[in-house]
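So the structure is just underneath, and the comments pick up after that.
Readers should treat all values here as calculations from the given coordinates under stated rules, not as data from a laboratory. Just so you know, these numbers come straight off a predicted model, no measurement behind them. Cβ coordinates were reconstructed from backbone atoms using ideal geometry, including for glycine residues, and neighbour counts include every protein chain displayed.
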Amino acid sequence: MQRSEAREIRGRILKILEINYPEGVSDRIISLTLNDINYAVNPGVLAGYLEYLAEKGYVENNEIDNHELNMQMRISKLTAKGKDLLEGNIDQDVGVSL
């Protein structure tokens, strides 16, 4: 994958999270939405993008474990800093294409 495509996907993820702000979105919904706009990413690659965005402070990631249903998922939510990035209130990040 090219670096420009990675930057674009990171920007798309932030925009997906903005729709549900201030609530979070599951990694499954993010993956399905990216797939719908022709960005097919496997779970490992998506996890890498979400971790990158979390390290930058743009998203918060939380793992949810439900032992009764034998289910695990990641919920990601846009932070105030991520919202500011999307709205242009802070300098653009070269690692995220908006």
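Tabulated values for the structure
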read-out: Point-to-point label distance, GLU68-ARG28, nm (Cα→Cβ direction, 7 Å offset); value: 1.7
read-out: Percent RCO, i.e. relative contact order, over the chain, from Cα pairs under 8 Å lying at least 6 residues apart; value: 37
read-out: Sparse-neighbour loop sites [GluC sites (Glu not before Pro); the stretch 1-92; at most 15 other C-beta within 10 Å; DSSP]; value: GLU23, GLU68
read-out: Cα Rg, Dmax (largest Cα-Cα span) when computed across the stretch 1-95, Å; value: 13.2, 44
read-out: Spacing of the two label points (7 Å from each Cα toward its C-beta) at GLN2 and ASN20, in nm; value: 3.1
